[in-house]
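Below is one structure, written out as structure tokens; comments come after it.
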Amino acid sequence: KNENVDGILVQLPLPKHIDDAKVIEAIDPKKDVDGFHPSNVGRLVQGLNTFIPATPYGVLLMFEHFKIETKGKRAVVIGRSNIVGRPMSILMSQKRKAGNATVTVVHSRTENLPEITRGADIIVAAIGISEFLTGDMVKDGVVVIDVGITRVPDETKTRGYRLAGDVDFESVSKKASYITPVPGGVGPMTIAMLLKNTLLARERHIK
Ligand code: NAD
């Protein structure tokens, strides 16, 4: 309720004994810069003015910036989390900029996943399993957005690990027309979009 605070985000995941949903619902939707409050999610689903969750927002902006046509394309979103997969699939299927795609959502219970990804013009991978998507699972010319970030033990690094995405960059990049790296792809875009939402919250607040 503090008038000096314009935006609030809860760094997820929370420790197991704290209920994420309860905490998120306690945030004023007008300050919910992550766009995770149920009323903001409802607004997003209905295509109303809201805060678009930062990670999918960054992906939409990449499509726009690099003039990647999504209209009429077959898009496959891997993962159905409330943070990435779910909003991403909804946004890409909507009548909007970087939308109008024919979207399929695949997840941990999907059967014959490679068959589905092989038919995709665009793939957004948000699973959290390092190098899950390999070259044999995609077609030539595919556009691949790698959201995943996983720490993989690596003795050669001083910190003892390296960061890996959900995509095997080595094999997929040979077939892809566009592909985002990890690190340095979706991550920085997410941070930028979070700041954009915070600025938006401030502007809406002072109006
Ligand atoms: P999550 O664990 O909430 O969801 C993972 C999803 O992957 C689930 O919907 C599950 O059904 C699906 N999945 C799991 N195993 C699968 C399998 N074998 N085949 C198909 N689908 C499978 O994770 P999340 O919060 O959506 O995050 C996903 C990844 O993205 C993580 O690595 C996370 O660190 C990363 N992430 C990155 C950013 C960024 O800014 N780059 C932002 C958010 C999340």
### Task
For segment 182-197, take each phi angle, set θ = phi - 60°, evaluate the Karplus expression 6.51 cos²θ - 1.76 cosθ + 1.60, and give the result in whole Hz per residue in order, putting x for glycine and proline.
9, x, x, x, 5, x, x, 5, 4, 5, 4, 6, 5, 5, 4, 5
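Go through 52-63, 90-101 and give me the packing order, highest mean Cβ count within 10 Å leading.
Ranking the peptides 52-63, 90-101 by packing returns 52-63, 90-101.
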### Query
Tell me, what HN-Hα J-couplings in whole Hz come from the Karplus equation 6.51 cos²θ - 1.76 cosθ + 1.60 at θ = phi - 60° for each residue of segment 96-105, using x for Gly and Pro?
6, 4, 6, x, 6, 8, 9, 9, 10, 9
## Note on the structure
Connecting every pair of Cα atoms under 10 Å apart in the chain and solving the GNM, the largest mean-square fluctuation among Phe66, Phe51, Phe169 falls on Phe66
### Message
Just to check I understand the Karplus step: with θ = phi - 60° and J = 6.51 cos²θ - 1.76 cosθ + 1.60, what whole-Hz values come out for segment 30-41, glycine and proline as x?
### Response
6, 9, 7, 5, 7, x, 9, 5, x, 6, 6, 5
### Query
Counting only residues 5 or more places away or on other chains, whose amide H sits under 5 Å from the amide H of Ile127 once H atoms are built in the peptide plane?
Gly148
#### Entry: Distance between segment 160-180 and segment 45-61 - C-alpha centres, whole angstrom
25
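Note the full-extension length gain between Ser171 and Arg202 as 0.36 nm times their separation in residues minus their Cα-Cα distance, in nm to one decimal.
Value of the extension gain: 6.8 nm.
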### Query
Once the Cα gyration tensor of the chain is found, what semi-axes does its equivalent ellipsoid get, as square roots of 5 times the eigenvalues, in whole Å, sorted largest first?
29, 21, 16
## Note on the structure
Rh (Kirkwood, all Cα-Cα pairs) for segment 101-185, Å, reads 13.3
## Note on the structure
Links exceeding 30 Å between C-alpha atoms in this model, out of Lys97/Lys139; Lys22/Lys73; Lys30/Lys95, come to Lys22/Lys73
#### Entry: For the chain, the longest site-free run once GluC sites (Glu not before Pro) in DSSP loop states with at most 15 other Cβ atoms within 10 Å are removed
4-68
### Message
Could you tell me the calculated FRET efficiency between His107 and Asp136, based on Cβ-Cβ distance and R0 = 22 angstrom, to the nearest 0.05?
### Response
0.60
### Task
Among DSSP beta bridges lying fully in segment 30-177, give the percent that are antiparallel, nearest 5.
20
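No lab work stands behind these numbers, since they all come straight from the coordinates. Keep in mind that this is a model prediction, so the values were computed, not measured. Cβ: placed from backbone, ideal geometry, glycine included. Neighbour counts: every protein chain shown.
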